Amino acid sequence: MTVLRWVTAGESHGPEITAILEGIPAGLPLLAADIDEDLGRRQRGYGRGARMKIEQDRVRFTAGVRGGETLGSPIALVIENRDHASWTGRMGAAPFDAPPEPLTRPRPGHADLAGGLKHDRHDLRDILERASARETAARVAVGGVCKKLLGVLGVEVFAHVVAIGPVAAAALAALTPEDLRARARASDLACADADAAEAMRGAIRDAAHRGDTLGGVFEVVATGVPPGLGSHTQWDRKLDGRLAQALMSIQAIKGVEIGLGFEAAQRPGSEVHDAIGYDAEARAFTRPTNRAGGTEGGISNGMPLVCRAAMKPIATLKRALPSVDVRSKEVFDAAFERSDVCAVPAASVVGEAMVAITLTSALLEKLGGDSLGEVRRNLEGFRAQLAQF
């Protein structure tokens with residue numbers, strides 16, 4: 001069984017963000033440009049803050065890739081933080097010439113206070129620098145490698161925004177996955193409903209004028225996923241559980257659904273479960289509906305995978321909420337860091353990455369293989385087995 005492993009490192013205003021990815025087979029064609037497109041999408045979107053005008057994220061491979069192909073060894077990916085140049089007196093590994101002013105006012109909704117209590121750090125910058133969503137640039141880079149492998153194997157992963165604040169997209173059920181993807185990519189809010197997108201922009205502008213922020217919901221869709229990924233035999237191998245954990249791990253995500261999700265609890269069983277048919281010509285089992293969202297019993301069932309994640313409003317507010325200084329214990333308005341008004345479109349790109357990483361892990365566990373050719377042969381053999389079932 002091939003095991004996919006990855007970690008990220010780096011702080012928001014440190015010199016760079018780094019990721020190490022192990023388990024990608026040898027022989028996968030891979031260029032920095034394959035990843036830079038997604039990094040650019042993560043930075044764009046109506047409602048983003050000034051930081052995105054500073055950074056121009058580009059990935060650099062420092063290990064695991066030679067001559068445009070993966071080697072089968074760990075891949076090291078590095079993304080420079082251009083804003084670090086303005087923080088050299090406050091960030092970096094070397095001792096400071098003069099200690100920087102500590103940040104002692106935790107911001108409600110952030111990891112500042114909980115992390116400070118956990119690690120016994122009274123300068124909360126030691127916490128917030130790593131807790132920052134800047135870390136997701138590394139996730140998108142890792143996801144870009146995984147999406148490249150999935151694409152070669154016939155699996156495509158994309159995301160689109162379905163709601164921001166009180167505004168929800170409508171009439172999306174009639175769109176094909178291809179239309180959904182194309183419309184979302186053409187929108188600065190990653191929304192396939194143009195009318196809803198315009199209303200979303202208005203809601204974001206109103207929130208900005210009030211010194212407030214907005215959250216929302218995005219949906220990740222994966223097509224071409226073969227049946228049989230994941231397992232029903234143990235809790236930690238169930239594909240839906242792994243997807244939920246991956247999406248919930250994204251900063252500011254507070255809820256995850258697969259398929260009908262919470263709506264399924266409000267319907268009778270006859271309107272929840274997907275009937276099963278058989279296409280003799282294609283020699284494949286079929287389902288006229290996809291209410292389960294592509295998984296049954298913790299295993300992919302061959303239907304498109306559909307996951308949704310709910311993002312809370314950004315916790316850094318211009319109209320600061322009350323807080324307490326961790327040293328003096330005096331009441332203050334929380335410290336304000338440069339912030340977005342709405343980052344749901346950006347979060348959808350991170351959601352794509354996390355779903356792609358999870359599917360790649362499950363696919364390699366199922367198929368194994370140290371080279372791309374071996375993985376392909378194993379997939380063809382499994383598909384032949386499915387046709388004979």
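Quick notes on this structure:
- Extension gain, Ala170 to Arg327: 0.36 nm times the residue separation minus the Cα-Cα distance gives 51.6 nm.
- Within the accessible area of the range 5-388 (1.4 Å probe), percent carbon and sulfur: 53 percent
- Computed 3J(HN,Hα) for the range 297-310, one whole-Hz value per residue from the Karplus formula 6.51 cos²θ - 1.76 cosθ + 1.60 where θ = phi - 60°, is x, x, 10, 5, 10, x, 7, x, 7, 10, 10, 10, 10, 9, glycine and proline marked x.
- Flagged links, alpha-carbon separation over 29 Å, of Lys147/Lys312; Lys118/Lys148; Lys312/Lys366: Lys118/Lys148; Lys312/Lys366
- Using a Förster distance of 56 Å, the FRET efficiency for Phe382-Ala208 (Cβ separation, nearest 0.05): 0.65
- Amide H contacts of Leu30 (H built 1.01 Å from N, under 5 Å, at least 5 apart or other chain): Glu69, Thr70
- Nearest-20 debye value, the chain charge dipole, Cβ charges on Lys, Arg, Asp, Glu: 280 debye
- Residue of Ala292, Ala94, Ala199 that the Gaussian network model of the chain assigns the largest fluctuation, springs spanning Cα pairs under 10 Å: Ala94
- Under 5 Å between amide hydrogens, built in the peptide plane, is the criterion, and for Val59 it picks out Asp36 among residues at least 5 positions away or on other chains.
- Based on protein heavy atoms only, the chain ends up with 48 Å² per residue of surface accessible to a 1.4 Å probe.
- The chain: most fluctuating residue of Ala347, Ala190, Ala169 per GNM, C-alpha cutoff 10 Å: Ala169
- Cα centroid separation - the range 194-269 against the range 62-81, whole Å: 30 Å
- Residue (of Ala320, Gly211, Ala111) at the positive-pole extreme of the chain, dipole from beta-carbon charges: Ala320
- Modelled FRET efficiency - R0 25 Å, Ala85 with Ala32, Cβ distances, 0.05 increments: 0.70
- Amide H within-cut-off set for Phe218, under 5 Å, with H built and near neighbours excluded: Val162, Ala309, Met311
- Model label points for Gln245 and Asp97, set 7 angstrom from Cα along the Cα-to-Cβ axis, are 4.7 nm apart.
- GNM result for the chain, Cα springs below 10 Å: residue of Pro95, Pro106, Pro15 fluctuating most strongly: Pro95
- In order through the range 79-87: 3J(HN,Hα) via Karplus (6.51 cos²θ - 1.76 cosθ + 1.60), integer Hz, x for Gly, Pro: 10, 6, 9, 5, 5, 4, 4, 8, 10
The values are calculated or read from the model by the stated rules, or taken from the named source; none is laboratory data. The shown structure was predicted, so the numbers you read here are calculated from the model rather than taken from an experiment. Note that each Cβ is placed from the backbone with ideal geometry, even for glycine, and that neighbours are counted across all protein chains shown. Calculation scope for accessible area: heavy atoms of the full protein, side chains included, ligands and nucleic acids excluded. Shrake-Rupley method; radii C 1.70, N 1.55, O 1.52, S 1.80 Å.
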